[in-house]
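*Asks:* So that we are looking at the same thing, I have put the structure below in structure tokens.
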Amino acid sequence: MAAVKKLGRPTDERLAVLRNQATTLLWTGKVETTVEKAKAVRSYAEKLLTLAINTYEDTVKVKKEVVNAKGEKVTKEVLNDGPKKLVARRKLMARLYDVQEQRAEKESKADFEKRTQDVAHPLIEKIFNVYAPKYAKRKQEVGQGGGYTRILKLGARHGDNAEMAIVKLI
């Protein structure tokens, strides 16, 4: 049985560090940390990405009755998550921190609110709408699942001589 790297911390602290670094990795595309933490974060993040890749296409069309501005009932078709995608979404939300979308430079408040009004959890949406299709396509072309991250070693950190690395999404 493979041993879990303890990273010199109690379980709750170790999981918080992994959760925080995986959130940063998936939001920004890279994170700089020590080599041991990088290996742990790679494993954690790749499992989450695999979960999203395997379930991102599971959607269900549902008809909803909506009252429009004139007070009339209108039937509207909506795409909802299927049961597998819903479970995966909830697991991702439990294992990652919620990151809020930032307003771009020179973007008005009205434009920002319009752009983000339908997005409750931007990181989860990014995983399902950007990363999952990208890596699923890569999986079909290359014929290999996994390997979504790359670790680049940087050398020793000044001060404590810890071996540093950057974890990047491919």
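The values are calculated or read from the model by the stated rules, or taken from the named source; none is laboratory data. Given the structure is predicted, the values throughout are model-derived calculations rather than measurements. Here Cβ is always computed from backbone atoms with ideal geometry, including for glycine, and neighbour counts include all displayed protein chains. With ligands, DNA and RNA removed, areas are computed over all heavy atoms of the protein, side chains included. Shrake-Rupley method; radii C 1.70, N 1.55, O 1.52, S 1.80 Å.
*Asks:* Could you grab the Rg to Rh ratio for the range 42-91? Cα atoms only, Kirkwood for Rh.
*Replies:* Using Cα coordinates only, the ratio equals 1.26.
*Asks:* A follow-up question, please. With the other protein chains left in place, how much accessible area per residue, in square angstrom, belongs to the chain at a 1.4 angstrom probe?
*Replies:* Roughly 68 Å² per residue, with all protein chains present.
*Asks:* With all protein chains present, how much of the accessible area of the chain (probe radius 1.4 Å) comes from carbon and sulfur, to the nearest whole percent?
*Replies:* On the chain, the fraction of accessible area on carbon and sulfur atoms equals 50 percent.
*Asks:* Under a straight-distance cross-link criterion of Cα-Cα below 15 Å, which aspartates and glutamates are reachable from Lys64, leaving out those fewer than 8 residues away in the same chain?
*Replies:* Reachable aspartates and glutamates: Glu72, Glu77, Asp81.
*Asks:* Something else now. Excluding residues fewer than 8 places away in the same chain, name every one of the lysines whose C-alpha is closer than 24 Å to that of Lys70.
*Replies:* The reachable lysines, counting only those whose Cα sits under 24 Å from Lys70, are Lys114.
*Asks:* Could you work out the pair-distance distribution P(r) of the chain from its alpha-carbon pairs, with 5 angstrom bin width and percents rounded to whole numbers?
*Replies:* 1, 7, 13, 15, 17, 15, 12, 8, 5, 3, 2, 1, 1, 0
*Asks:* How high is the FRET efficiency between Lys73 and Glu36 when r is their beta carbon distance and R₀ equals 35 Å, given to the nearest 0.05?
*Replies:* In this case the efficiency is close to 0.05.
*Asks:* Also, I was wondering about something else. With charges only on Cβ, +1 for K and R and -1 for D and E, what is the dipole size of the range 42-85 about its Cα centre, in debye, rounded to 20?
*Replies:* About 100 debye.
*Asks:* Moving on to the next point. Mind giving me the nanometre distance, one decimal, between the label points for Glu113 and Lys64, set 7 Å out from Cα along Cα→Cβ?
*Replies:* Label at Glu113, label at Lys64, 2.1 nm between them.
*Asks:* A further question follows. For each pair in Lys6/Lys126; Lys39/Lys168; Lys106/Lys168, compute the distance between the two Cα atoms and list the pairs where it is over 19 Å.
*Replies:* From Lys6/Lys126; Lys39/Lys168; Lys106/Lys168, over 19 Å: Lys6/Lys126; Lys106/Lys168.
*Asks:* At 0.36 nm per residue, and after removing the present C-alpha to C-alpha distance, how many nm does the segment from Ala3 to Ser43 gain when stretched out fully?
*Replies:* 13.1 nm is the gain from fully extending Ala3 to Ser43.
*Asks:* Starting from the 7 Å offset along Cα-to-Cβ, what nm value, one decimal, do you get for the label separation of Glu13 and Asp160?
*Replies:* Once both label points are built, they end up 1.0 nm from each other.
*Asks:* Relative contact order for the chain: what is it in percent, counting Cα pairs under 8 Å that are at least 6 residues apart?
*Replies:* Value for the chain: 29 percent.
*Asks:* Report Leu79's accessible area, 1.4 Å probe, all protein chains in place, as a number in Å² to the nearest 10.
*Replies:* Leu79 exposes around 110 Å² with every protein chain in place.
*Asks:* Treating only the Cβ of Lys, Arg, Asp and Glu as charged (+1, +1, -1, -1), what charge dipole size does the chain show about its Cα centre? Round to the nearest 20 debye.
*Replies:* Here the size comes out at about 380 debye.
*Asks:* May I ask which residue of Ala69, Val41, His121 lies farthest towards the positive end of the charge dipole of the chain, with charges of +1 (Lys, Arg) and -1 (Asp, Glu) on Cβ and the Cα centre as origin?
*Replies:* Val41
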